[in-house]
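Derivation of every value follows stated rules applied to the coordinates shown; laboratory data play no part. Being a predicted model, the structure only gives us computed values, none of them experimental. Here the Cβ positions follow ideal geometry from the backbone for every residue, glycine too, while neighbour counts run over all protein chains shown.
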Amino acid sequence: MHEENQLSGEESLHLINRMIHEAKGYFHESGIGALIYGFTTVVCCVLAWLRETDAIHFPFHPFYIMLPVFVWQAIIQYRQDKQKQAKTFTDEAIDFVWMGFFISSLVAFCAGFAGIKYIPITVVILLAGFASFITGMLAKFRYLIICSFACWAVGIISFFVLNPAIYLLLAAVGILIWVVPGFILNAYFKKQQHAG
């Protein structure tokens with residue numbers, strides 16, 4: 001015998017609200033998280049390239065700077081989520097895609113402890129293309145869909161660039177999939193705020 005779960009009145013209203021916002025194409029994203037992560041990625045990549053080419057001395061690998069940025073971005077995301085009228089199923093799916101990307105990236109960078117230097121960067125570029133593609137498809141954001149193919153092309157190129165220049169490829173990917181969309185989302189968000 002199949003037992004149905006009964007929703008409380010509050011749960012029913014919450015579900016209806018989510019579905020209405022999903023149907024309306026409700027979108028609430030300031031782009032700040034993407035800008036923070038994008039610019040941090042670019043800076044870390046340039047510092048890593050300079051460090052690997054002996055142009056500067058850096059006391060630790062610049063990518064360690066990303067760890068507090070992950071925490072900072074999570075705090076920003078949490079605050080933005082609290083301001084949303086409703087968190088749609090699409091919002092949740094996109095959040096899970098990028099959470100998976102960040103966790104997979106951290107795991108890939110653990111290869112550095114095994115002495116593997118540049119292949120993890122290629123893995124991260126390919127994962128970024130995948131996460132961008134899924135996000136673009138879910139959000140119907142054509143720019144990200146196109147950029148995902150560019151990321152995959154850069155990923156293929158990166159297999160042949162197993163030297164410090166690979167960090168510059170990752171920086172380019174960071175600009176394509178975080179910085180530019182961050183500015184696009186921020187402009188759209190500001191336009192929504194002025195209209196509403």
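Tabulated results
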read-out: 19 Å tail of the calculated P(r), region 127-196, as % of Cα pairs; value: 39
read-out: Lys pairs under 20 Å by Cα in region 29-191, provided they are eight or more residues apart or on distinct chains; value: 8
read-out: Electrostatic dipole magnitude of region 45-196 [Cβ: Lys, Arg +1; Asp, Glu -1; Cα centre; debye, to 20]; value: 460
read-out: Order of W152, W178 under a 10 Å beta carbon neighbour criterion, fewest first; value: W152, W178
read-out: Sites H194 and I75 - FRET efficiency at Förster radius 22 Å, r taken between beta-carbons, to 0.05; value: 0.25
